[in-house]
Structures are given as structure tokens and as C-alpha cells.
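See below for the structure under consideration.
The values are calculated or read from the model by the stated rules, or taken from the named source; none is laboratory data. This one's a predicted model, so the numbers in the text were calculated from it and none came from an experiment. Positions of Cβ are backbone-derived with ideal geometry, glycine not excepted, and every protein chain shown enters the neighbour counts.
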Amino acid sequence: MKLSFSAEDERFRTEIAGWLADNLTGEFARLKYRGGPGDEHSFPRERKLWERKLAEGGWTCVGWPEAYGGRGCSIEQQVIFFEEYARAGAPGRVGHIGEGLTGPTLIAFGTEAQKEKYLPGIVSGKELWCQGYSEPGAGSDLAAVKTKARFDEARGKWVINGQKVWTSLAHESDYCFVIARTDPESVAHKGLGFFLIAMDQPGISVRPIEQITGTSEFNEVFFDDAECDATDIVGEPGDGWKVAMGLLGFERGVSTLGQQMQFQNEFDEVVKLARSNGAAEDPVIRQRIAAAHTELKIMRYNAMRMLSGQSGSDGGLQKEALIYKLYWATWHRSLGELAMDVMGPESDILQGAPYELSRLQAMYLFVRADTIYGGTNEIQRNIIAERGLGMPKEPRGSLS
Amino acid sequence: MDFAFTEEQQMIRDTAAAFLAEVSDGAAVRRAMATEQGYDGELWQRICREMYWQAIHAPEAVGGMGLGYVELVALMEQMGRSLLCSPYLSTVAMAGNAVLVAGDDSQRADWLGRICAGEATGALAFSAGGSRWDAACITATWRAEGEGFVLEGDYRYVIDGHTADFLVVASRSADSTGADGISLFVLPADSPGVERQWLPSMDQARKQARVELRDVRVPREALLGEPGKGWPALSRVLDLATIALAAEQVGGCQRLLDMTVEYTGERVQFNRTIASFQAVKHKVADMMLRTEVARSAVYYAACVAQEALEDGPLAGELTEAASVAKSYCSDAYFSVAGDALQLHGGVGCTWEYDVHLFFKRAKSSEHLLGNGATHRERLAALLLDS
């Protein structure tokens, strides 16, 4: 075990930190600490420009292989990149779906033609992606998707019909990846396809969802005879589940370290507030702040264990990775509660009408979603028990 | 950065696990814990002469293996997993660390040399009793007289204090308070004026003692470090011991988790194993979460402890790392133990099943060297009061 970074990695840290300090200025200065989860609706135009700025500096897709336009950074350097990015308060990435999910999926499962067509737009920060997984009837039970894809021989295209939900930044995106049923008779995870669909077409409409915060970053997306080229299916019809599961694996990557740095920024704000308003003298609040601090510290160590990747020798996800979603989501949710309790009665008073929330207030409300999306806490516990400990699987119900 | 065990560290861990599975099963633990000594002397000699665990992180110059704290922590985890009854924590992580951190070359050669040779066990006496584990818990006194010192006072919670061959004791100068005036001394346990008494404990697998010093006269060479300036060293020693104890807690969590998965997978009610009930699965999933998170905390703290011993760049994090690890592991162990007992149902409340041994250990380890709340308050002070 070794905790320190090499001299070369530390030089890399200086380089990215310096670049951010030089470039997160002028028109971009006001983007600091904005656009993260719960705030993704903010400054879309400016953040798209920022994405291109990053690309010019060579700071998009840092973990991708150089052959696909990435920077080919080691795990350590990716950790450093995400840490420094968040430390600098650089804005939430509008390109994160493409960089973190679409790209790695295409690199792993896509054809050369798909890679050539889509990867450069992601690297340059010019083409944004959104994801079409969940449906009104397919939340925790993702395999229950009903959206259908039918191949129209006459047009030589796939035709998509159905509805997706919780699609963040759909209205800002150029493309959406969608899992849809290619075999209408199929059930559960069989008979699905994974499609790459252009958003700008008559068959797609987007409707924002007003969230608990009063703002909208999630959308419903309706597909009404939407089209997609014959070459824009990843893998074969029927491979959709395999591709989709591979993609979920990419979500637990090194970006978790950057997420933690955002958590650290939020936690620091809670500490600052507690020191200034006297809450820091309350012994119960002191205990809760120390517990939040402790668990955030360990979140980092746990991620370091995940990235050092030792215990997954059986090919399965390592135990420390299996528990990770449940752990961070639950932690973040309690940070929201702690923030309000540190604010005390002021927690109810808004910045202004009609519903202007402070950063901590918005965080408190938005984090309720953390323990729900991407596998609820309850689903996570099933996964831990079944895959981590080999306990019996939940029986499937008989309602269709 | 590489946050994983090296191949050598994995080998040490796996060898320990295999050895302990053989020598420290439930029957062996029950035999040892029923004695006043609390451990099997022959087994301890095997550990010292065949495994060299007692020498793991001592410098080679004094007969040690010259390995690090990560290795020590890997061993402690396995000892916690098998509830090994031995004077390891007291001798190596407490008294041994005190000599290592506070002693000079000659004292190290003498006392650590004897530990490494398997010739002596040690104990660390500092607290007079109560829930505080900072300098305020020290009430015993020292005063200089002639060429040496005179020690006076009472200690509680001295792990293996009644059987140790030597004692490291902390005491303060008359009228001093807080961290001021603290000195550390090392002396043979049979020195005149030393009274020791076993304190029977709920957790029978680890023995506690009361130690009384009545007009105990020690020579100049018994003093570890500067007179009156012993607190910073003792504080480091306690942090190091705390990290070792936290590792033992992780091992206990793992064992309880394993026992519970096995038991719930066998126990049938309503024509199905109880492991198939979601109410059971979710509790067990939480047990695994706490166990893995506790392990991450301990491995990090082990690396920091090693840096502290080497004066590495992260040495300054020792107190924080120890409190992070101990606060999380203490609460995790007790919670996991409570859940394990609950999920064993009625048999969890019997003497026959081993769950109660770990349940009792979880509470005793929670309070030893400071419970979760104590360590969180230490962290809160670092965060909020500076």
C-alpha cells in the first residue's frame, strides 16, 4: 500500500490546477460551483461554451485512449483530474453523459463506423448526449422497458415508439442512447436493442419535469415514430441488455473522486455556516458534523480501494464497489438534513420569491433523489445481499 | 498511489488466517477465556517463535522483522476475526509501541528486544478510570528523588496488566494538569510496590487489570523520553494502539457477517431459508456495508500510522486517521454484532453459540481507547474550534 502520488503525477496535478485557475475566469467565473446535480438547469449556454474550452485545452475525455482522441491518462491522473476539477469549483459538465457513458460504451461495444461518427463530437465538446433508460413503468425494474424499436425495411431505418423519463438535459442534447424492445414478443432483459438516436427530429418531443426544487433538469422524452439509421444500433438486436449493463459498469469509475470533492465543497459550506451561526457549539450538531466528516473521509479511502482493484478476483464487482452507491447516496442525503439543522429556523426562509433556494436548501431537497435514482437503496441492498453475499434472489412476481 | 495489499502483505494475512483457523477456534477461545491469565501460554510461544508476529514492526536492530504497520494491522484484523486470546494488543500495540515511540536506542534494545525474542509481555497503564481517554485520565504521579523517580497512583483498564512481565506507566508531576507534566516509565511488573489485580470482565476473551503503584522507586533508565514532556509521545502511542484496535474490530465485523450469512442460509422457517426474506437480506447488506467501510478506514489509517513511524508526509494526519477509524469501527462493530445476534434469533442469546463472544467484544472494544462519540468530539474540535 502506498498513499502518495508520484512526482510525475504531482506535476500533472500542477498542470491541471494551473489550467483551471487560468481559464475559469472572465465569462466563465460565474460558473464556479454551478451546474452540479440539482443545478443542472443553470447556465446551459455558458456551460456548453465551457465544454468547448475544456476540449481546446485537451481536458475532455482524459481517461479515453489516445487513439480515440482521449488523453490516455492513468487511473491516478484521472483521479487527480477529477479532484482538481471539483476543487477549483469548475462547473458541472454538460458533456458527462457522452464522455462517461456513451464513449466508453462505443469504445467497448461499438463498430469502427460508430466510433468515427460519434467519438470526435464528444471529445470536441460540441455534441451532447442524454440517456434513455428509465420509463414510467420501468424504474427499479429496468428490464421492464416497453419502448419499441421496429426495423422498417422500406425506409431502411429503425422506428422507435415509446416514452422515456428522468432524462437529464434532454432539451440541450444532440443525441440520446435508448434501450428499446426489438422483439415485441420478448419479456424482461431479452429482446432489447441499444440505439443511438438524434434528438433533432419530428418524432421526438421533450417535456420538462418540475422537480421538488421547483426547477427542471429532468425531462420526459416521447418517441413517436422517431427514426434511427440502421447502422446506429450498438451490437445486434437482442444485445441491448448486455450493452446497457456494460455501460452501468462505467458509471462507477474514477469520476467518483470528483463527486466526492463536490461533496467536500458542500460539507465545507455546512462547517463554515455552523462556525458562523453558533451551531458549532451544540454538542449534538458537533457529533453529526464529525460523523459526516468521518464518513466523507472514508468515502475517499473506499474509492481508492475500488480503484486499486484487488478483491474482485472472482470477476465480480469488488465488495467495496458493491456498497458504494448505497453508501454515498445515504451519506449525501444525511448531509442535506444536517445542513438544514445547522441552519435551524433559517432553513425555511428563501432567498426570494417565487421559490429561490440557497445552494444548501436546493441540495437538501435534491439529494432525496440520490437514494432513488441509479438503483434505490432498497435495490442496492438486494444487489449487495445477492451478488456480494450469495443470498437467495428475490422471486419474480406474477403481475404483468 | 496504490491502495491495495502487496503480495507479501496478502501472504502474511492469508498465513495468519490459516494458522488462526487451526489454533483459535471457538473451543480454544472458550478454554483460554476461562482462565485468569486469559490466553494459552504455549500458543503464545508458538506465535512468538514460529510466526514472529510480536516482532512484526519492530526494527531489525532489536531483533524485529522490520516490517510495517500495514502488516501489523493485517494481523490484528485476523486476530479479531478469530477472537484470538493473546497478549498481542497489550504487548505489541500498546507497551511495545510506547517503547518504540518514546524510548531511546538502549531502551528499545532492552524491552523491544525481549518482546521480539518472545521473552516478555508488556502492558500500558495510564487511565485512572472513567470515560476520558485524553491526558486528563492520568492521575498517577511521579517525582524525582535522588538518581531516580518515585511513582504513586492507580490505574484501571490495564489490558493484560495482571500477567504482563513489564509495565509502561504514564504519570504526571504533582499539581500539573492536562497534557503538562506527563512522564512515561518502563519497569518490571514485579518491582516492589506494584500491586496488580485481575478485573473480571464481561468480555472474557480479553483480560483487564487494576494496577496500583505505592512508593515505587525506579532508576533514571526507566524514564522514556524527557521528564514531564511525555504527552505528545503517549498521544501518538494511543493513536497507534487505537488503529490496531480498530483493525481488530474490522475482523470481528467480518466474522459476524460470515456467521450470519451461514446461519440465515441454513435456518428454515415457513418452508424457506430465512436468508430469502428481504427483511433479513437488507439487514445483512447493511452489515456488509459497515464492514467494508470500516475496512477502508482502517487500511488508510494503517498507511498513515506507518508514515507516522517513518515521519512521512502524512504523519500529521495520525490523530485524525485514528479517530476516523475508531469512531466508525466502534459503531460499526457494535451495530453489526447487534444485528448478528438478532438474526441468529433465540440461539443468539445462548452461551453455546459464539455470537455472544463477539457481541461482548464489540462493546468492550467500543469503549476501550475512546468510543465513537469521544473520537467524533476530537474530530469536531479539529474542524470547528481551531
In the stretch A:274-298, which residues are crowded, with 19+ Cβ neighbours inside 10 Å and either among the acidic types (D, E) or more than 8 Å from chain B (Cβ to nearest Cβ) (or both)? A:A279, A:I285, A:R288, A:A292, A:E295, A:L296
Of the residues A:L119, A:L192, which single one is surrounded by 20 or more Cβ atoms within 10 Å (Cβ to Cβ) and more than 20 Å from A:V94 (Cα to Cα)? A:L192
I'm trying to understand the selection: among the residues of the stretch B:313-342, which are more than 21 Å from B:R378 (Cα to Cα) and within 8 Å of another protein chain (Cβ to nearest Cβ)? B:P313
Quick check, is B:V284 within 14 Å of chain A (Cβ to nearest Cβ), more than 23 Å from the chain's Cα centre (by Cα) and either assigned to a helix (DSSP H, G or I) or surrounded by 24 or more Cβ atoms within 10 Å (Cβ to Cβ) (or both)? yes
Determine whether B:R376 is within 14 Å of chain A (Cβ to nearest Cβ) and either surrounded by fewer than 23 Cβ atoms within 10 Å (Cβ to Cβ) or within 25 Å of B:A135 (Cβ to Cβ) (or both). yes
Quick check: anything in the stretch B:76-99 more than 30 Å from B:Q197 (Cβ to Cβ), out of contact with any strand residue (DSSP E or B) (no Cβ under 7 Å at 6 or more places or on another chain), within 14 Å of chain A (Cβ to nearest Cβ) and touching a residue at least 12 places away in the same chain (Cβ under 8 Å)? yes
What is the residue count in the stretch A:28-50 for residues that are charged (D, E, K, R) and assigned to a loop (DSSP other than H, G, I, E, B)? 4
Looking only at the stretch B:353-373, how many residues end up being under 17 Å from B:I243 (Cβ atoms) and at the interface with chain A (Cβ under 10 Å from one of its Cβ atoms)? 1
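Per-residue answers, yes or no, for (1) β-branched (V, I, T); (2) in contact with a helix residue (DSSP H, G or I) (Cβ under 9 Å, 6 or more places away or on another chain); (3) not assigned by TED's automatic domain parsing to the domain that holds A:F223:
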{"position": "A:Y133", "(1), (2), (3)": "no, yes, no"}
{"position": "A:A144", "(1), (2), (3)": "no, no, no"}
{"position": "A:F151", "(1), (2), (3)": "no, yes, no"}
{"position": "A:N161", "(1), (2), (3)": "no, no, no"}
{"position": "A:V165", "(1), (2), (3)": "yes, no, no"}
Give me the pairs, please: first residue somewhere in the stretch B:296-317 and touching a residue at least 24 places away in the same chain (Cβ under 8 Å) and at negative phi, second residue anywhere and among the basic types (K, R) and not in a helix (DSSP H, G or I), beta-carbon distance under 8 Å, and either six or more positions apart or on two chains. B:C303/A:K2
Which residue pairs have Cβ atoms closer than 7 Å, lie 6 or more positions apart in sequence or on different chains, and pair a first residue in the stretch A:386-397 that is at the interface with another protein chain (Cβ under 7 Å from one of its Cβ atoms) and free of Cβ contacts under 8 Å to residues at least 12 places away in the same chain with a second residue that is of a type outside the set (G, A, S) and assigned to a helix (DSSP H, G or I)? A:L389/B:V261; A:L389/B:V284; A:L389/B:M288; A:M391/B:V261; A:M391/B:K281; A:M391/B:V284
Examine the stretch B:71-92 for a residue that is assigned to a loop (DSSP other than H, G, I, E, B), surrounded by fewer than 22 Cβ atoms within 10 Å (Cβ to Cβ) and not basic (K, R), and state whether such a residue exists. no
Looking only at the stretch B:240-254, decide whether some residue is farther than 29 Å from B:A301 by Cα and acidic (D, E). no
Tell me, please, whether a residue that is closer than 30 Å to A:E281 by Cβ and in contact with a strand residue (DSSP E or B) (Cβ under 8 Å, 6 or more places away or on another chain) can be found in the stretch B:359-379. yes
How many of the residues making up the stretch A:75-117 are hydrophobic (A, V, I, L, M, F, W, C) and part of a loop (DSSP other than H, G, I, E, B)? 3
Only residues that are surrounded by 15 or more Cβ atoms within 10 Å (Cβ to Cβ) and not in a helix (DSSP H, G or I): list them for the stretch B:313-361, please. B:L314, B:H344, B:Y353, B:D354
Residues satisfying the stated conditions in the stretch A:1-27, i.e. touching a helix residue (DSSP H, G or I) at 6+ places or on another chain (Cβ under 6 Å), at pLDDT below 95 and assigned to a helix (DSSP H, G or I): A:D9
Checking the structure you have, find out if any residue of the stretch B:245-254 is within 12 Å of chain A (Cβ to nearest Cβ), of a type in the set (S, T, N, Q) and farther than 29 Å from B:E320 by Cα. no
Name the one entry in B:Q269, B:Q278 that is more than 13 Å from B:M76 (Cα to Cα), more than 13 Å from chain A (Cβ to nearest Cβ) and without any contact (Cβ under 8 Å) to a residue 60 or more places away in the chain. B:Q269
Conditions: (1) modelled with pLDDT under 95; (2) within 14 Å of chain B (Cβ to nearest Cβ); (3) part of a loop (DSSP other than H, G, I, E, B). A:I383 meets all but one. Number of the miss? (3)
Can you tell me which residues in the stretch B:287-312 are among the acidic types (D, E) and within 10 Å of another protein chain (Cβ to nearest Cβ)? B:E292, B:E307
Mind telling me which of the residues A:K126, A:K157 ends up being within 16 Å of A:A198 (Cα to Cα) and surrounded by fewer than 16 Cβ atoms within 10 Å (Cβ to Cβ)? A:K126
What number of residues within the stretch A:346-376 are crowded, with 18+ Cβ neighbours inside 10 Å and either within 10 Å of chain B (Cβ to nearest Cβ) or of a type in the set (K, R) (or both)? 0
Helices (runs of 4 or more DSSP H) contained in the stretch B:1-64 and holding at least 1 residues within 14 Å of another protein chain (Cβ to nearest Cβ): B:7-23
Being surrounded by fewer than 16 Cβ atoms within 10 Å (Cβ to Cβ), at pLDDT 95 or above and touching a Gly at 6+ places or on another chain (Cβ under 7 Å) narrows it down to one residue among B:R220, B:R172; which is it? B:R220
For the stretch A:330-345, state whether one or more residues are within 14 Å of another protein chain (Cβ to nearest Cβ), buried (at least 21 other Cβ atoms within 10 Å of the Cβ), within 17 Å of the chain's Cα centre (by Cα) and over 27 Å from A:S276 (Cβ atoms). no
